[in-house]
């Protein structure tokens, strides 16, 4: 059908004219205009496009995932569970399900920095800034969406209970409350149907919640979700792929990324226990932990030097 049509009758004949509709979209695949390439690929814009294509686009700050690993999961024993149940006597705040929930509810987190410390060195002529050590910021900020029970806040409150006893006010052993945090940059890869594959990843070591931020309640904030601010402390971080941790590679699915193995916390005996039935594993780990806490060497060293249990 034409866009405009008109006609008249002249000497008994119908004379019609009109403007035909646009046919440029009839054969999109064969349209030569879409097959054109930059005239000069060595131009600045051509090289920029080539570099962007080689990097498969840009990384986006909204495409990330954080994965928390509680300190020494294998020590939890009978208190460990996989489902959150408010009426259960088990400590479900330390379950794998709760770790996943906290990771998914993390809507803001800071990727940590690393500094090379330098000092001025002058032998002859202008001074040089010579590296003598490297350091980390030591803390990062994270933010979590809170559900009706504020389980995300309870998760970190429970974690802080491993740092101190709020009845006796005694501080606990360092190795008993440090965990691990993985932060993944996500992206899409050609040939994969899913969009969320790991394109960059770091692992933070010796992590624990330093500050549980305050919450502000407001009658006017009726349509807003509660945000739980947390300040995490850590000692070091490593790149999962560059440092080849647990055989990590770029492009893996989220479910295939390397995880922290609880058996590593127990050295030689951890490897033996991992081959036993679950009931015997739990009993053996309880015995190891009781021995580690009660023997004098464990108390003197804060649990950090006690072979072969570490």
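The values are calculated or read from the model by the stated rules, or taken from the named source; none is laboratory data. Source: prediction; values computed, not measured. Cβ sites come from the backbone with ideal geometry, for glycine too, and all protein chains shown count toward neighbours.
All conditions but one from (1) loosely packed, with under 13 Cβ neighbours inside 10 Å; (2) farther than 26 Å from residue 98 by Cβ apply to residue 187; the one that does not is (1).
Any residue at all in segment 92-104 that is part of a strand (DSSP E or B) and either modelled with pLDDT of 90 or more or assigned by TED's automatic domain parsing to the domain that holds residue 231 (or both)? So that I can check it myself, show each step before the final result.
Kept after step one, since they are part of a strand (DSSP E or B), are these residues of segment 92-104: none.
For segment 92-104, residues part of a strand (DSSP E or B) and either modelled with pLDDT of 90 or more or assigned by TED's automatic domain parsing to the domain that holds residue 231 (or both): absent.
Among residues of segment 97-108 that are over 12 Å from residue 65 (Cβ atoms), those with a Cβ under 7 angstrom from a residue that is assigned to a helix (DSSP H, G or I), sequence gap 6+ or separate chain, pair up as 98/92; 98/151; 98/155; 101/151.
Exactly one residue out of 140, 111 is at pLDDT 90 or above and part of a loop (DSSP other than H, G, I, E, B): that is 111. Put simply, of 132, 124 the only residue that is surrounded by fewer than 16 Cβ atoms within 10 Å (Cβ to Cβ) and in a strand (DSSP E or B) is 132. Go through the residues of segment 226-243 one by one and say whether even a single one is exposed (fewer than 15 other Cβ atoms within 10 Å of the Cβ), modelled with pLDDT under 90, in a loop (DSSP other than H, G, I, E, B) and in the same structural domain as residue 105 (by TED's automatic domain parsing). Yes, segment 226-243 contains at least one residue that is exposed (fewer than 15 other Cβ atoms within 10 Å of the Cβ), modelled with pLDDT under 90, in a loop (DSSP other than H, G, I, E, B) and in the same structural domain as residue 105 (by TED's automatic domain parsing).
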